[in-house]
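Notes for the one structure printed next.
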Amino acid sequence: MATRTDLDGRPIKPITICMIGAGGFIGSHLCEKLMSETPHKVLALDVYNDKIKHLLEPDSLPWAGRIQFHRLNIKHDSRLEGLIKMADLTINLAAICTPADYNTRPLDTIYSNFIDALPVVKYCSENNKRLIHFSTCEVYGKTIGSFLPKDSPLRQDPANYVLKEDTSPCIFGSIEKQRWSYACAKQLIERLIYAEGAENGLEFTIVRPFNWIGPRMDFIPGIDGPSEGVPRVLACFSNNLLRREPLSLVDGGQSQRTFVYIKDAIEAVLLMIENPDRANGHIFNVGNPNNEVTVRQLAEMMTKVYAKVSGEPSLDSPTVDVSSKEFYGEGYDDSDKRIPDMTIINKQLGWNPKTSLWDLLESTLTYQHRTYAEAIKKSIAKPTAS
């Protein structure tokens, strides 16, 4: 492998990375990138390894020996500190991040995203190990613009809705709106990491993903994701399309979102890993402001893309309106608009996303259509008990 250099022209030294949550959607793509394009070693920690099996077997793979899988749950495993000590860098991807859970399992959500992350931060700080922690764009909560009158011209001012890492306030709903349990837990762990940096010299980078999309994201309850609960909007729509059901538009589908392709986002993470001097002490938005749509527009685009990749005609009534109470249960609340400001990541790492919304949807839905067809075939082929 030719000598690779960082953004300042210095040779990149091989390091060992302890990756917590390596078996998930983001972890599997990051492991793939690290194995195929870098000399780094990965200690891959997770409860499941289905999404990285292709990297672990057989022994003849070119990166054999550079990735080791450790099956563990960070909640209660005494091996965690030892594995963090063995590595130069820890990346924490572990989280509960399914919107339906924020409402119905708020305690699990708070414990998973705050309490369970505490030992990771503590071990990194005590052992002088660098930490890249995955947070969420949800920490921003609601935009200033959402509190302005509907007809106010100030709603169009980007200062009132574009989200900046260093200046935007984090605005959540009232306590009974339990939907904010996730965002609040994520914000508190960010504040703790930031304080460890300020008081104890912890070298950290915080990542705020804005809807990372692509192959291997959980999308079919019980097949490629949790069997209960409502997944994120794009996964919900994929699920509806695959099952030939109308897409549910919550409260008219007026919320606005941006989507970024997983492979673009992983490029940004690799830049953070290999340019510590530029990434340490920073919080980075990782999203694509050019791929902004309302949820209703997303539903319309996904319907068109799916008709193309599947060869199946769209339903006569492709969408159905539902209320958030009906869909998510009591206590649900939402943020109106999530547009990332890209100034800091662009300045520090020179990163810009490339993939259009249509292209990332086509790649994702092609993968999902194939995976779903294979899962159905398997279930039909299984002998049933008489």
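Classify region 103-205 as rounded, prolate or oblate, taking a ≥ b ≥ c as the square roots of the eigenvalues of its Cα gyration tensor: rounded when a/c is under 1.5, otherwise prolate if a/b is larger than b/c and oblate if not. Oblate shape, in that a/c is at least 1.5 and b/c is the bigger or equal ratio. Solvent-accessible area assigned to carbon and sulfur over region 108-263 amounts to 52 percent, based on a 1.4 Å probe.
Applying the criteria of a DSSP loop state and at most 14 other Cβ atoms within 10 Å to the trypsin sites (Lys or Arg not before Pro) of region 82-157 yields Lys150. Phi angles of region 268-279 translate, via the Karplus equation with coefficients 6.51, -1.76, 1.60 and θ = phi - 60°, into HN-Hα couplings of 5, 5, 4, 4, 5, 4, 9, 10, x, 4, 8, 9 Hz per residue; Gly and Pro are given as x. Judged by the ratio a/c of the largest to the smallest principal axis of the C-alpha gyration tensor, region 1-113 counts as prolate, that ratio being 1.5 or greater while a/b is larger than b/c. Assign one of three labels to region 247-313, namely rounded, prolate or oblate, based on the Cα gyration tensor with a ≥ b ≥ c the square roots of its eigenvalues; rounded applies when a/c is under 1.5, prolate when it is not and a/b is larger than b/c, and oblate otherwise. Oblate. The gain in end-to-end length when the Thr343 to Ile171 segment is fully stretched comes to 59.8 nm, 0.36 nm per residue minus the alpha carbon separation.
For Arg130, the residues whose modelled amide H falls within less than 5 Å of its own, excluding neighbours fewer than 5 places apart on the same chain, are Thr90. Annotation: amide H of Phe114 has no partner in the under-5 Å range at sequence separation 5 or more or interchain, hydrogens built in the peptide plane. Close amide H partners of Val250, meaning residues 5 or more places away or on another chain with modelled amide H under 5 Å apart, are Val322.
Extension gain for Glu37-Ser78 works out to 11.6 nm (0.36 nm per residue, less the C-alpha to C-alpha distance). Measuring with a 1.4 angstrom probe and ignoring ligands and nucleic acids, Trp63 comes out at about 40 Å² accessible.
For region 250-265, the residues whose backbone nitrogen is under 14 Å from a point 7 Å from the Cα of Lys150, taken along Cα to Cβ, are 252-255.
Over the chain, DSSP H runs of length four or greater, each weighted -39,500 (n - 2.57), average out per residue to a 222 nm ellipticity of -11500 deg cm²/dmol.
Most simply put, the chain has about 10% antiparallel DSSP beta bridges, counting only bridges with both residues inside it. Take Asp251, project a point 7 Å from its Cα along the Cβ direction, then tell me which residues of region 155-173 have their backbone nitrogen under 14 Å from it. Taking a point 7 Å out along Cα→Cβ of Asp251, the residues of region 155-173 whose backbone N falls under 14 Å are 172-173.
Cross-link partners for Lys33 among the lysines, with Cα-Cα distance under 21 Å and sequence neighbours closer than 8 places in the same chain left out: Lys13, Lys41, Lys51, Lys53, Lys263, Lys354. Karplus-derived 3J(HN,Hα) values for region 8-18, using 6.51 cos²θ - 1.76 cosθ + 1.60 with θ = phi - 60°, are 9, x, 8, x, 8, 8, x, 10, 9, 10, 8 Hz; glycine and proline are entered as x.
Couplings for region 238-244, taken from phi via the Karplus curve 6.51 cos²θ - 1.76 cosθ + 1.60 with θ = phi - 60°, read 4, 4, 4, 4, 5, 8, 6 Hz in order; Gly and Pro are left as x. The residues of region 1-150 expose, per residue, 46 Å² of accessible area to a 1.4 Å probe.
When the chain is treated as a Gaussian network with alpha carbon springs shorter than 10 Å, the biggest mean-square fluctuation among Pro39, Pro158, Pro246 belongs to Pro158. Shown here: the chain, whose C-alpha atoms stretch 61, 56, 40 Å along the first, second and third principal axes, sorted largest to smallest.
The values are calculated or read from the model by the stated rules, or taken from the named source; none is laboratory data. Keep in mind that this is a model prediction, so the values were computed, not measured. Glycine gets a Cβ as well: all are built from the backbone with ideal geometry, and neighbour counts include every protein chain shown. When the accessible area is computed, the model is the full protein with side chains, heavy atoms only, and any ligands, DNA or RNA have been set aside. Shrake-Rupley method; radii C 1.70, N 1.55, O 1.52, S 1.80 Å.
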